[in-house]
Amino acid sequence: MTDQESLIREAVAAEAEQRVDHREVLARLHAAPRRRRPFALVAVGALTAAAAVAAVAIPLAVDRAAAPVDQGRVTPPTGQTVLLLGLDDSVDGTAPRPDALVLVRLSPDGSVSAVSLPRDTRVSPPGAAPARINSLYGAAHERAHREGRDPDLAGTEATVAAVEELTGARVDHWAALDMGRFAELSTAVGGVEVCLAADTHDVETGFALPAGRHVLAGEQAALYLRQRKGQSLTRGDLDRVQRHQVFLRGLLDRVGGPEVAGDPVALARVMAVAHDAVRTDEGWDAVAAVKQLTAGGTRRFATLPVDAGDPASDGLPADPARVRPFVADALRDPVASDAPALPGATAAPACVP
């Protein structure tokens, strides 16, 4: 019996003790159709939520199959690029918009490379006027709604096309998470450590924290990720992008660390939140993708280079001639000369505005 199989048996037992029918959990994981609803994040959580689901689903699938495996015929993992979308809350019936966009490269060795795209990045869709990249989702969403098509899918596909056109990267799969559910996810993992370079205070929401390290969960985590105004956030959304990156790294560390992966009850709790909150394209085998992450590897984060502009009007200009080589380098798969991070090793988060 493998360690993973032992762990999942403990998870099922723990659920039973809490009067949760494991058959219902399995049915939701392996049989339930993905919910199609208007949902209104910070993108970063989608990958981590999928990781939590996969950590449970992989050994269950192996156990259920109970078939011999030819150890001599192992298909090597391949790299894939995933676009993560964090969708904000719709207001007065309007379509949601991506509050954060992150291109993530999952390399064969388990390394993760991510490039954040500022939501105000200006793009020029074929046959359309230049627009901020986060506005494309809403426009396609509303058009599809009028035509009786899946509005969430249409909005995502329009955004994927724009990201590919700007960056030159091929998006293999996508995942989206509702900001309204993000507080639940951060609570499910037991909180995420962040570090503030200066005191912060949001006059609109009342959210305030002193400089230094904090473990955030629930509403505090959501407010931290959403804040883009304040004395410490002099660059607005660009500073918030840094918060997203630090939080994503911390979230990945929590799911892969002993607090969640080593605790059957915590694992089951994260699994339940993740299954209900994340939507992906139907062709993405998130289970296989997350198996790669368990191998460890490096964690690299970067922000798309944009020029100065007015986000309130025409957005932040981005030159494809500059952007494309930047993204290609940032998302390259590590080579033997790259020093990999030790599996399970974590570093204190960098302090950001």
Rounded to a whole %, the carbon-and-sulfur portion of the accessible area of the stretch 150-218 at a 1.4 Å probe is 51 percent
With the 1.4 Å probe rolled over protein heavy atoms, the stretch 112-238 has an accessible area per residue in Å² of 42 Å²
Charge tally in the Cβ shell below 11 Å around Ala100, where Lys, Arg are +1 and Asp, Glu are -1, Ala100 excluded: +3
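The values are calculated or read from the model by the stated rules, or taken from the named source; none is laboratory data. Given the structure is predicted, the values throughout are model-derived calculations rather than measurements. Here Cβ is always computed from backbone atoms with ideal geometry, including for glycine, and neighbour counts include all displayed protein chains. The area values use the complete protein model at the heavy-atom level, side chains included, leaving out ligands, DNA and RNA. Shrake-Rupley method; radii C 1.70, N 1.55, O 1.52, S 1.80 Å.
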